[in-house]
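Engineer: Got a structure for you, written out below as structure tokens; questions coming shortly.
The values are calculated or read from the model by the stated rules, or taken from the named source; none is laboratory data. This one's a predicted model, so the numbers in the text were calculated from it and none came from an experiment. Backbone-built Cβ (ideal geometry, glycine too); neighbour counts: all protein chains shown. Surface areas here come from the heavy atoms of the whole protein model, side chains and all, with no ligands, DNA or RNA. Shrake-Rupley method; radii C 1.70, N 1.55, O 1.52, S 1.80 Å.
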Amino acid sequence: MKSAVEFEHVLKERLSDPDHAAKYLTACYEEGSDVFLQGLRDVVEAQGGMTRAARLAGLNRESLYRQLSRRGNPSLASLNAVLNSLGLKLRFAA
């Protein structure tokens, strides 16, 4: 019998790839802001954690935790800084 693989482990493994992370965040965004913030937290954790993302984005770690919380409301500048630290870009399409 095969042993079950934890979903979180597989998700983190896939989200460490920027292409998968971009597709995941796009799908999360289409579901709503709460889902998007959770998805962004997932990607941040998969790519080294909050401390690393905050350092690379030039943000305070505690502030980043608050901004990406369920009640968070990150500014566009902060969101862009976090995405850039993950090697991702915000894009718009018609």
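Engineer: Which residue, of S69, S63, is more than 11 Å from the chain's Cα centre (by Cα), closer than 16 Å to S85 by Cβ and of a type in the set (G, A, S)?
Structural biologist: Just a single option satisfies the conditions, and that option is S63.
Engineer: Could you list, ordered by first residue, the pairs with Cβ atoms under 7 Å in which the first is in the range 14-37 and surrounded by 12 or more Cβ atoms within 10 Å (Cβ to Cβ) and the second is among the small types (G, A, S) and not in a helix (DSSP H, G or I), at least 6 apart or interchain?
Structural biologist: As it stands, the answer is P18/G87; L37/G72, since those pairs meet every condition given.
Engineer: Could you tell me whether any residue of the range 2-11 is of a type in the set (F, W, Y), part of a helix (DSSP H, G or I) and under 14 Å from L83 (Cα atoms)?
Structural biologist: Taking the range 2-11 and keeping what is of a type in the set (F, W, Y), we get 7.
Next, from what is left, pick out any that are part of a helix (DSSP H, G or I): 7.
Pick out the ones that are also under 14 Å from L83 (Cα atoms) and you get none.
No, the conditions are met nowhere in the range 2-11.
Engineer: Take the residues in the range 46-94 that are among the hydroxyl-bearing types (S, T, Y) and in contact (Cβ under 8 Å) with a residue 24 or more places away in the chain; name whichever of them is least open to solvent (accessible area, probe 1.4 Å).
Structural biologist: Ranking the qualifying residues of the range 46-94, first place goes to S85.
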